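Asks: Questions regarding the structure given below will be posed in turn.
The values are calculated or read from the model by the stated rules, or taken from the named source; none is laboratory data. Because the structure is a prediction, the values reported are computed rather than measured. Quick reminder, even Gly has a Cβ in these numbers, built from the backbone with ideal geometry, and neighbours come from all protein chains shown.
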Amino acid sequence: MNSSVWHRVSILVVAAFLLASVPYFGSAYVIGLTLTLLMWIALTQSWVILSAMTGYISLGHAVFFGVGAYVMVLCFNTLPFLIAVILAGLVGFSFAFLVGYPCLRVRGPYFVILTFGLAELVKFIVINVEAGLGKFGRLLLGAPGLETLYYLILALAVISIAITYYVRRSRFGAGLRAIREDEEAAETLGIDVARFKVLAFAISATVPSMVGAVMILRNSYFEPLDVFNPVTSFTIVSMAIIGGGDDVPGPLYGALGLVLLQEILWANWPEVYMIILGVLLVTFVLRVPEGIHGWILSYQRSRTT
């Protein structure tokens, strides 16, 4: 094992230790902030598997977050919450697998619009179902404590990082990147394009569904307009664009940067935060399309030449 690999492993071990120790040494505020950061890391890493690796930009990942939350609501006080979280992941995977075949038949801006429309469609279906049941918001009393939820989100963040790392370096990941570069050529080379895309879509939906199931326990209140909020999808895409790349570090940079920026500015100057976010997105799209991770790699290559 060379020195660079040892260096990365050491960083990961130290980071894991620090994150695992947050509930022991941090205040409730620090725990909540770190939990939020881990949530966005898990969501953005999952988005990368589909959108960054295949080039199919999704604005619909809020639907999986919301579906997972709704599964938890329906199972609350009926199933053990850990079983409900796992069930939420299975439902998210199955739902994405079912809708993936028709949705992934289009590409480019049509796919972007279609995924956004899918999220809105499911949101209003849930709203109407809840209205038909006479439910206008649900309280989830007796949810697990903050520390338990923190470790669940930490586990999901680690799982999402591991999945992204493995997929990126697998033959499956190579096939996804081939689809991104030239879908017709990939199909000519024998890649089952339809199956690869649908499987990537389903995998990318699993962790967000589980994250939604956990986060609704933290909120202790279910409101469809909140859990299916399109801002969730926009934030994921923003973090991915700013972080850059189709590998693990990009979402980490993007999530860390935006969560800290939001924490500093949102409470006191929300308008300033939105202006800065807009400027950042325009700047990265036009000037640094490879994102922070790509810029760092380019800088490192320039230092070695």
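Asks: Does the stretch 272-284 include one or more residues that are crowded, with 20+ Cβ neighbours inside 10 Å, out of contact with any His (no Cβ under 8 Å at 6 or more places or on another chain) and of a type outside the set (Lys, Arg)?
Replies: Looking for residues that are crowded, with 20+ Cβ neighbours inside 10 Å, out of contact with any His (no Cβ under 8 Å at 6 or more places or on another chain) and of a type outside the set (Lys, Arg), one finds at least one in the stretch 272-284, hence yes.
Asks: Name the one entry in 16, 52 that is at pLDDT below 95 and over 27 Å from residue 175 (Cα atoms).
Replies: It is 16.
Asks: Quick check on my filter: what residues within the stretch 124-181 are among the charged types (D, E, K, R) and under 30 Å from residue 193 (Cα atoms)?
Replies: Selection gives 168, 169, 171, 177, 180, 181.
Asks: Would you be able to tell me the number of residues in the stretch 151-164 that are surrounded by 15 or more Cβ atoms within 10 Å (Cβ to Cβ) and either among the hydroxyl-bearing types (Ser, Thr, Tyr) or without any contact (Cβ under 8 Å) to a residue 24 or more places away in the chain (or both)?
Replies: Total satisfying the criteria: 4.
Asks: For the stretch 179-199: of the residues being in contact with a Phe, Trp or Tyr (Cβ under 9 Å, 6 or more places away or on another chain) and of a type in the set (Gly, Ala, Ser), which is nearest to residue 245 (Cα to Cα)?
Replies: 186
Asks: Can we say residue 283 is assigned to a helix (DSSP H, G or I), touching a residue at least 40 places away in the same chain (Cβ under 8 Å) and not small (Gly, Ala, Ser)?
Replies: Spelling it out, it is not the case that residue 283 is assigned to a helix (DSSP H, G or I), touching a residue at least 40 places away in the same chain (Cβ under 8 Å) and not small (Gly, Ala, Ser).
Asks: Could you list all residues from the stretch 11-40 that are exposed (fewer than 12 other Cβ atoms within 10 Å of the Cβ) and in contact with a helix residue (DSSP H, G or I) (Cβ under 8 Å, 6 or more places away or on another chain)?
Replies: If the condition is that a residue be exposed (fewer than 12 other Cβ atoms within 10 Å of the Cβ) and in contact with a helix residue (DSSP H, G or I) (Cβ under 8 Å, 6 or more places away or on another chain), then 28 is the only one that fits.
Asks: Condition first: small (Gly, Ala, Ser), surrounded by fewer than 20 Cβ atoms within 10 Å (Cβ to Cβ) and closer than 21 Å to residue 103 by Cα. Now tell me which residues in the stretch 187-223 satisfy that.
Replies: 194
Asks: Could you identify the single residue in 100, 68 that is more than 18 Å from residue 226 (Cα to Cα) and either in contact with an Asp or Glu (Cβ under 8 Å, 6 or more places away or on another chain) or of a type in the set (Gly, Ala, Ser) (or both)?
Replies: 100
Asks: Could we say that residue 248 is β-branched (Val, Ile, Thr), under 20 Å from residue 232 (Cβ atoms), touching a helix residue (DSSP H, G or I) at 6+ places or on another chain (Cβ under 8 Å) and surrounded by 18 or more Cβ atoms within 10 Å (Cβ to Cβ) here?
Replies: No: the conditions fail for residue 248.
Asks: Just to check your reading of the model, which residue among 81, 95 is more than 20 Å from residue 155 (Cα to Cα), aromatic (Phe, Trp, Tyr) and over 16 Å from the mean Cα position of the chain (by Cα)?
Replies: The match here is 95.
Asks: A further question follows. Consider residue 71 carefully, then state whether it is in contact (Cβ under 8 Å) with a residue 12 or more places away in the chain and of a type in the set (A, V, I, L, M).
Replies: For residue 71, the condition - in contact (Cβ under 8 Å) with a residue 12 or more places away in the chain and of a type in the set (A, V, I, L, M) - is met.
Asks: I need the helices (runs of 4 or more DSSP H) fully contained in the stretch 118-196, keeping only those with at least 1 residues that are among the polar types (S, T, N, Q).
Replies: Fully inside the stretch 118-196 and qualifying: 146-168, 183-188.
Asks: Same structure again: Go over the candidates 273, 299 one by one and state the one that is farther than 26 Å from residue 32 by Cα and at pLDDT below 85.
Replies: Among 273, 299, only 299 is farther than 26 Å from residue 32 by Cα and at pLDDT below 85.
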